[in-house]
Amino acid sequence: MKRVLQILGLTTFILIIAFGVAFAAAEGGQDMTKAYLTLATLAVAAVLFFTEVIPLPITAMLVPVTLSIFNIVPAKAAFANFGNSWVVIFMAMFIVGEATFITGFADKVGKMTVKLSKGSEVRLLIFSMVSVGVLSAFLSNTGTTVVAIPMIMGMCASAGIRPGKVLMPVAFAASLGGTMTLVGTPPNGLINSVLEKMGPAGIQPFGFFEFAKFGIILFIVGIAYYALIGHRMLPDSDAECHLDDEEIERPKRPEKMIWSLLIFLFVVVAMATNFLPLVTAAVLGACLVVITGCMTMREAFRSIDWVTIFLFAGMLSMSTAMDKSGAAALIAESVVQHVSNPYGIMFVTCLLTICITNFMSNTATAALMAPLAIPIAMQSGISPLPLAMGIAMSASACFLTPVATPPNTIVLGPGKYSFLDYVKAGWPLQIISLILSVLLIPMIWPF
């Protein structure tokens, strides 16, 4: 059945491409035609992202292919985003972050968390969420969650605590922690890239720690909620607590830990202070972790999340197409006619992002929503910054399904959770996050 769906999805894309070629030849590529073809491409991409009948990276790559065939975006420009500075930054930071796992720094933080908890369920929950969240602000939240699981499972085994009472909030904390910095999660960097491409003159993208102005509020609220109330709503799953020693991945080069930590701190400080350009600092850090022996070249290549990279690079061409074809203006005018209140626009934008992200990649959702929201803001005469930040936060603060974020998916098996467990445990925090986003973000970045 999946094979049939894959064929149908690919056939749909091919038919749109064929239609575009024929229509462009017959009509000379009129502006409105390009706008409608761009929206059709976006719609098909959204369906394919949602259903995953075709692998996500393939769908993302078909977007610039389609746009260049329609001549909506020249081929050179459509594929130029693989050299986009944000794509390079994330590739480099995957490598820098992985070095801290290989050398054992992340493992050391985890063990310290276990010691501080002293067998208390709520204390273990709080310390685990804090440590995983803080690490996720600078490292891969996926990698941080993977490293944290065996340590938490081991602590649960010794303390007689069911892991289902801890693992899900830890996954949520990993996602919330990523909202605090520019490199914490891919949607943040993608939002900045779209702002650079489509934002009005004079609007500067967000700074390295600027996301933390609101992200840290979400992070603290999330921890406080589960510490005070939410832990009572967590499922009593019958997950096995015991983990054998061979199941716990040991650091490969602990003697290089100090080098990985120094390089990581150097990169973060350079990015935060603009001592070096962001991309220069990230690439230099990636080079240094290999030069100092923290990791091998093979490990560096393997550390890159290529799904994220292809999604990022492929979908950035849609931002250009939405702008150049007039599709963004078309949608903006339509939305403004029905929703003119800035807070109404903010609410709809955040709610739609949350609804989509809970069922598909948060990077893909940000790539779909950002090119739509920024023109709507400009058409409404308001700043695009609050809407852009709302999308970034809403794409990461998703707690209703196991597929909403990679950390959510990772804990599904070890925690023996069901789909409904996520809904029961996550819906209050989901509503709280939405309300906070709509009310507080415009106070920090005014309309």
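The values are calculated or read from the model by the stated rules, or taken from the named source; none is laboratory data. Model, not experiment: these values are computed from the prediction. So basically every Cβ, Gly included, is an ideal-geometry build from the backbone, and we count neighbours across all protein chains shown. The protein model used for the area step is the full one, side chains on, heavy atoms only, and it has no ligands, DNA or RNA in it. Shrake-Rupley method; radii C 1.70, N 1.55, O 1.52, S 1.80 Å.
Among the residues here, THR353 qualifies as in contact with a Gly (Cβ under 9 Å, 6 or more places away or on another chain), among the β-branched types (Val, Ile, Thr) and closer than 30 Å to SER68 by Cβ.
Pairs are defined by a Cβ separation below 7 Å, a sequence spacing of at least 6 or placement on different chains, a first member in the range 30-41 that is under 17 Å from THR320 (Cβ atoms) and open to solvent by less than 40 Å² (accessible area, probe 1.4 Å), and a second member that is assigned to a helix (DSSP H, G or I) and modelled with pLDDT of 85 or more; the pairs so defined are THR41/VAL63; THR41/THR66; THR41/LEU67. Comparison of SER340, SER325 shows that the only residue that is in contact (Cβ under 8 Å) with a residue 24 or more places away in the chain, crowded, with 22+ Cβ neighbours inside 10 Å and over 25 Å from the mean Cα position of the chain (by Cα) is SER325. Residues that are in contact (Cβ under 8 Å) with a residue 24 or more places away in the chain, within 28 Å of THR41 (Cβ to Cβ) and either among the small types (Gly, Ala, Ser) or out of contact with any Lys or Arg (no Cβ under 7 Å at 6 or more places or on another chain) (or both) do occur in the range 406-425.
Scanning the range 243-270 for residues that are at pLDDT below 80 and aliphatic (A, V, I, L, M) returns LEU243, ILE248.
For PRO402, the stated conditions hold: it is surrounded by fewer than 23 Cβ atoms within 10 Å (Cβ to Cβ) and touching a helix residue (DSSP H, G or I) at 6+ places or on another chain (Cβ under 8 Å). Scanning the range 117-127 for residues that are over 30 Å from ARG298 (Cα atoms), of a type in the set (Val, Ile, Thr) and open to solvent by 20 Å² or more (accessible area, probe 1.4 Å) turns up at least one hit. The range 65-131 holds helices (runs of 4 or more DSSP H) entirely within its bounds, and those carrying 2 or more residues that are of a type in the set (Val, Ile, Thr) map to 85-102, 105-117.
Taking every residue in the range 203-230 that is touching a residue at least 60 places away in the same chain (Cβ under 8 Å) and pairing it with any residue that is of a type in the set (Ser, Thr, Tyr) and open to solvent by 30 Å² or more (accessible area, probe 1.4 Å), at least 6 positions away or on another chain, the pairs with Cβ-Cβ distances below 9 Å are PHE208/THR273. Looking across the range 282-298 at every residue that is open to solvent by less than 30 Å² (accessible area, probe 1.4 Å), in a helix (DSSP H, G or I) and among the aliphatic types (A, V, I, L, M), the one that is farthest from VAL88 (Cα to Cα) is identified as VAL289. Would you check if ILE354 is modelled with pLDDT of 85 or more, within 18 Å of the chain's Cα centre (by Cα) and among the β-branched types (Val, Ile, Thr)? Criteria met by ILE354. Looking at GLY97, is it among the small types (Gly, Ala, Ser) and open to solvent by less than 30 Å² (accessible area, probe 1.4 Å)? So GLY97 fits the description; yes. All of LEU420, LEU434, LEU429, LEU440 fail the test of being open to solvent by 10 Å² or more (accessible area, probe 1.4 Å) and under 20 Å from the mean Cα position of the chain (by Cα), apart from LEU434. Any residue that is in contact with a Gly (Cβ under 8 Å, 6 or more places away or on another chain) and modelled with pLDDT of 85 or more - is there at least one of those in the range 146-163? No.
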